[in-house]
Every structure is written in C-alpha cells, then in structure tokens.
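The values are calculated or read from the model by the stated rules, or taken from the named source; none is laboratory data. Everything quoted here is computed from the prediction, not taken from an experiment. All Cβ positions, glycine included, derive from the backbone under ideal geometry; neighbour counts span all protein chains shown. Please note that ligands, DNA and RNA were not included when accessible areas were found on the heavy atoms of the full protein model with its side chains. Shrake-Rupley method; radii C 1.70, N 1.55, O 1.52, S 1.80 Å.
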Amino acid sequence: MDNEYDKDLEQRIRFVARHYREGSLDADKAWRKFASERAISRKVSLRRYWFGAAAVVLMLVGLGTWFTVERNAPDWVAITTAPGQTKDIYLPDSTLVALAGDSWVRYDAKRYDKERRAVEMNGKAFFQVTRNEARPFSVRTSQTEVTVLGTSFQIDEKPTVTEVNVVTGKVSFTAGVEKENVILTAGMSARYSSENKEITVTEEDDVNKLAWRTGQLRFKETPLDKVIEDLSDYYQVEITNQAKNEGVKLTATFNDLPLEDILQVVNQTLDVRLVSTSKK
Amino acid sequence: MRRIVTDNERMAAITTQEFEHHFKSLYKPLCLFALRYIDQVEDAEDIVQQAFADVWDKNRAGNTIGNLKAYLYQAVRNRSLSFTLQPVNAEATEQLPDVEDTSEEEDIRRSERDARLWEAIDHLPPERKKIFLLSKRDGLKYQEIAEELNLSVKTVENQMSKALKALRETAIRIYMFFFG
C-alpha cells in the first residue's frame, strides 16, 4: 500500500512537474481575464474593495458636509465707526450706507444681493437703497426689522428706542417679538420703544434727523425742548436750560458751527441759558 | 470522500460572488485535469475558461446546474477530448493520451491533489525550484544539474530531497484530509 502510494505520488509529481510553468494556472489572474471579458470586473472589485469604497464614500460625505457647511457659513463684512466718526459705505448693489459715530453695519458677502439684500446694524445709519423689486432690502437691528424695495431712510437705534425716518419711498417697519408692523412713507418716522413695546408713528418731517449727515441743523418754529434735543444729538453732549423760559420757539439754520457759537446765538436770540454740561 | 459527496453545489442562478468563489477554487484542479488529455498549459487554461463561460451563460439564462463541480469536470473532459481529436496531423491522433479508466470521484480527487502539488512547487524557494524542475520536468540527472548550475552534486541532492519532502508533506496533508 505504502509502496503503491509512493509510486503513485512519484507519478503525480512527475506529471505536475512536466507541465509546470512559472506563473501559470493562476486562478486570480484567470478570474480577472474571465471577468474583464464579461464586463463583470467592476461589480466584483466593488465587492472586494467594499471597505475601501465605503471609506471613500464616507470621506466624500465628510468633504461634502464640510463644503456645504463652509459654503453656507456667512462671510461677514462689517464696518464700524468710532464715536464722532462717520463713514459712507457702498454695498455690492451700490446701496449707500452712511454710518454715524459709534455704530456698525454688517452683511453676508456670500448671500448679499443673491435672493435678498440683508444687512444688520447697530447704532445710527442712513440708507439710500438702490431700487430692486426682485430683491427686497432689509435691515435688522436687535429688536426691529426694516424692509424696503428702494428708498432712503435712517435708522437710529438706541438702547431702548429704535427710530426710523423715511426720506423717500416706502418702508415696512417691523418691531418686537410680536412682529408689529407699520408701513411708512416719505417724511414719516416711527419709534419703537422696547419698554412699552409699541410703535409710535409721527407724520411730520424732521429734517434734523439727518443733520449728522448734512451738517445742517434747521429749526423752524421749533420748541426749545426740541432744539435742545437736536443739538444734544448732533454734538453728542448734554445740554440743559438754566433759565425758566417755557414755550419759546426757534427759527434758524446752522451749518456745522461750533457748539459754543450756536449756544451763544440761541441764548441771545431766545433769552435763555443753554449750557453744555457734559459729554454723553 | 466526505468533501466530494457533500459538495453538491446546487446552482440556482448563483450570484457573481458565488461564481467567482467557485471559479477560483476549481480553476487550477480543472486545468490539471485538462492537462491529462492535452499537453499545452495555455490550451488547458483556454478550455477551462470556455467551460466556465458556458456555465456563466447558463447561469445568466437562469438554468440550474445540479452539481457544478461534476458538471465542470465533465465539460472540461469533453472539451479536452474534442480538442485532442482535432486532427492537426496524423501523429497527434496516434498519440491519444492513455487516460486510465477511473471513476469521476477519483478524477476529481487526483486533480485536486495535482493542484496542491503545483502550488507546492510554486512555493519552493527559487534555487530549489530550479533544481527540482531541471530534474523532474527536464529529466536531467543530478550530475548534469550540478554542472549546469555550477553546484556540487551534494548540494543538488540536498535541495532535491528538501523539495520532494515539501511536496510529499503537501500530498500527505491532502490524503489526511480525504481519508483521515
């Protein structure tokens, strides 16, 4: 039996050795040939490299997510002013933003003028919006939002009061958590107070709201209280009347004069004693 | 024996993956089976490729093959026989291979063992493989191999005994597997 087995084995070894060729009868190589001739290689390699493929897919998903996040991340452009400084900024659609002192405005450069024109601001700013009915222009402050198509207006945001003054065109003014809304037209102003959570609309034109831009303060039969308010606002100081003259009115125009000169003129004209006490 | 009896692969429209598995495990034994009828390794590989192609097409057409392995051996035998019967010249037909009349199971088992031996040769270290092939394939005597490779006869004997030992161990493992 053993002998027979050895003889048989010797025969098989001889048989195999006789046909042996280096690199022949390679099952993997043969399968690749078979598969490629039948266009099934791709399916097979996908299975074989399943983990590789899965890893690639995961990586792509990761990259895709990253790109999406990256693409959707706002690209803020912010402009700020120091107290007393003013700046004129033209937005990509050539809308003018005139920033008063100690204010900022910002917009997302990636989205601005794509579907909407949205800016955010704090402080005081005058807007002269280029008309584009397809892309409404909106300004958000911490408590309010102004939406327009193409007008010029000013927003003055103070800690408890936000005021909008419309110079030309039509403005939609929304304020508070309740989204209270008013439509304002040229010459109208609206104030939102975060204390009583109400919008108050004033129909009379207040030219001095833009004095910081024009450099001109105009008074026409203006009550003294209002004169004091406008001067305080323009020169950013506290002004008090140390005389007791109620009910006097002022008609005058000042072109960016020093405060001391104005106070002297007003005091002499109205016989009052206006004193600038301190900087705000 | 166990393996052959239980290995009744039913082939009801098998998947590409299953097909690939069968292809890779059966390819070498089938080639060595074909080499019993025909002489050239390329021809044997072509025949086995064709046999698999036939099964692939049948499988794609939804035809069920009861015992894939038996079917393939039969197909390779038929293709090999018709290949050798293509009368290229008179001499070729006279030299019909003396195929022993063995059972189908015996054929399969032997071809699988041949495949293992082929792999064992594949795995021999290069120098030992060269010596082994000069002896067993090319029929050189140890003395001739020694001269050819500029080695001592002792070295050739030594390498040959190591090569044969490796092949025997492979063969024994196979027998153990079948009969153990």
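Data table
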{"quantity": "Neighbouring partner chain Cβ atoms per residue of B:48-56, average, 10 Å criterion", "calculated": "2"}
{"quantity": "Reach of B:K162 by Cα under 22 Å, taken over lysines that are not fewer than 8 positions away in the same chain", "calculated": "A:K7, B:K129, B:K130, B:K136, B:K141, B:K154"}
{"quantity": "Zone residues, region A:100-127, relative to A:D93, backbone N less than 16 Å from point 7 Å out along Cα-to-Cβ", "calculated": "A:106-121, A:127"}
{"quantity": "Sulfur and carbon atoms: percent of accessible area, region A:1-120 [1.4 Å]", "calculated": "58"}
{"quantity": "Area buried, chain A against chain B - accessible surface, total, 1.4 angstrom probe, square angstrom", "calculated": "3600"}
{"quantity": "Alpha-carbon centroids, region B:114-138 and region A:242-280: separation in whole Å", "calculated": "115"}
{"quantity": "At R0 = 60 Å, FRET efficiency that the Cβ-Cβ distance of B:E119 and A:A73 yields, to 0.05", "calculated": "0.55"}
{"quantity": "Nearest-20 debye value, chain A charge dipole, Cβ charges on Lys, Arg, Asp, Glu", "calculated": "1820"}
{"quantity": "Percent antiparallel among DSSP beta bridges (both partners in region A:215-279, rounded to 5)", "calculated": "100"}
{"quantity": "Rounded accessible area per residue of region B:123-180, 1.4 Å, Å²", "calculated": "62"}
{"quantity": "Kyte-Doolittle at least -0.5, axis length at least 30 Å by Cα - qualifying DSSP helices, chain A", "calculated": "A:50-72"}
{"quantity": "Calculated FRET efficiency for the pair A:W66/B:L164, C-beta based, R₀ 51 Å, to 0.05", "calculated": "0.25"}
{"quantity": "Residues of region A:105-167: accessible area per residue with a 1.4 Å probe, Å²", "calculated": "41"}
{"quantity": "Spacing of the two label points (7 Å from each Cα toward its C-beta) at A:Q216 and A:A39, in nm", "calculated": "8.0"}
{"quantity": "5 angstrom amide H check on A:T95, placed H, neighbours 5+ away", "calculated": "A:T130"}
{"quantity": "Whole-Hz couplings from phi, Karplus 6.51/-1.76/1.60, listed for region B:65-74; x for Gly and Pro", "calculated": "10, x, 10, 4, 5, 4, 4, 5, 4, 5"}
{"quantity": "Sites A:A55 and B:D57 - FRET efficiency at Förster radius 51 Å, r taken between beta-carbons, to 0.05", "calculated": "0.90"}
{"quantity": "DSSP bridge orientation in the protein assembly as shown - percent antiparallel, rounded to nearest 5", "calculated": "95"}
